[in-house]
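Okay, structure first, notes after.
The values are calculated or read from the model by the stated rules, or taken from the named source; none is laboratory data. All of these numbers come straight from a predicted model, not from anything done at the bench. Using ideal geometry, Cβ is built from the backbone for each residue, glycine included, and neighbour counts are taken over all protein chains shown.
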Amino acid sequence: MKRHPYNCIQTLQGIGIAYRDAFDLRRISMTLSRWHEGECGAADGTCIERDEATGKPFRTYDNGGKYGRTRYAIPDMEAGALRRLKAIMGRYPTLTSYVQGDPRGAALYILRPGDVPEGEDAGSYYSRGVVVCK
């Protein structure tokens, strides 16, 4: 059985999210996933790091040996995605979002009322929510 690549959009629509918002949530999830992968680094020695003083993101490259490290400023795709996420979730007051920063799994989950027990941390129960995946 072949899976449709946009099954998560149908699932999000099933919990009351409009098609356009579900499509945008999928794009936000993919952006955050790529960002989290970049933060973990790549085999070629590149990674995304934030400047501790300014919070601005940089792509760093470890040149090794006498050349040390090179870094250059990059657009803050994470901040933009989180802004768009906040705007979308503002239209659905009964739902909340959870961003999971581990690049080995999905980056975004939508939590319905009851997915997280009262008084508990969403970080322990986010997998009960609706996964927003590729």
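Some observations on this one:
- Residue within region 20-36 that is in a loop (DSSP other than H, G, I, E, B) and at pLDDT below 95 present: no
- Residue in region 57-68 that is touching a helix residue (DSSP H, G or I) at 6+ places or on another chain (Cβ under 9 Å) and not basic (Lys, Arg) present: yes
- Scanning region 91-109 for residues that are of a type outside the set (S, T, N, Q) and over 28 Å from Cys47 (Cα atoms), we see that the one that is nearest to the chain's Cα centre (by Cα) is Leu95.
- Output for region 85-107, where each listed residue is out of contact with any helix residue (DSSP H, G or I) (no Cβ under 8 Å at 6 or more places or on another chain), surrounded by 14 or more Cβ atoms within 10 Å (Cβ to Cβ) and of a type in the set (A, V, I, L, M, F, W, C): Met89
- Set Asp121, Asp102: member being more than 16 Å from Glu39 (Cα to Cα) and of a type in the set (Asp, Glu): Asp121
- When the criteria are applied in full, Gly114 meets the requirement of being within 17 Å of Ile15 (Cα to Cα), part of a loop (DSSP other than H, G, I, E, B) and small (Gly, Ala, Ser).
- Residue match in region 112-123 (condition: closer than 14 Å to Asp21 by Cα, within 15 Å of the chain's Cα centre (by Cα) and surrounded by fewer than 14 Cβ atoms within 10 Å (Cβ to Cβ)): no
- Filter result for Glu49 (part of a strand (DSSP E or B), among the acidic types (Asp, Glu) and either under 15 Å from the mean Cα position of the chain (by Cα) or modelled with pLDDT under 95 (or both)): yes
- Hits in region 53-85 (condition: part of a strand (DSSP E or B) and acidic (Asp, Glu)): Asp62
- Scanning region 52-70 for residues that are modelled with pLDDT of 85 or more and either loosely packed, with under 14 Cβ neighbours inside 10 Å or more than 25 Å from the chain's Cα centre (by Cα) (or both) gives Glu52, Ala53, Thr54, Gly55, Lys56, Thr70.
- The combined condition, being modelled with pLDDT under 95, touching a strand residue (DSSP E or B) at 6+ places or on another chain (Cβ under 6 Å) and either under 19 Å from His36 (Cβ atoms) or among the small types (Gly, Ala, Ser) (or both), is fulfilled by Gly129.
Residues checked against (1) assigned to a strand (DSSP E or B); (2) on the phi < 0 side of the Ramachandran plot; (3) of a type in the set (A, V, I, L, M, F, W, C):
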| site | (1), (2), (3) |
| --- | --- |
| Ala87 | no, yes, yes |
| Pro103 | no, yes, no |
| Ile110 | yes, yes, yes |
| Gly119 | no, no, no |
| Gly123 | no, yes, no |
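- For region 1-12, filtering for residues that are exposed (fewer than 14 other Cβ atoms within 10 Å of the Cβ) and at pLDDT 90 or above leaves 1.
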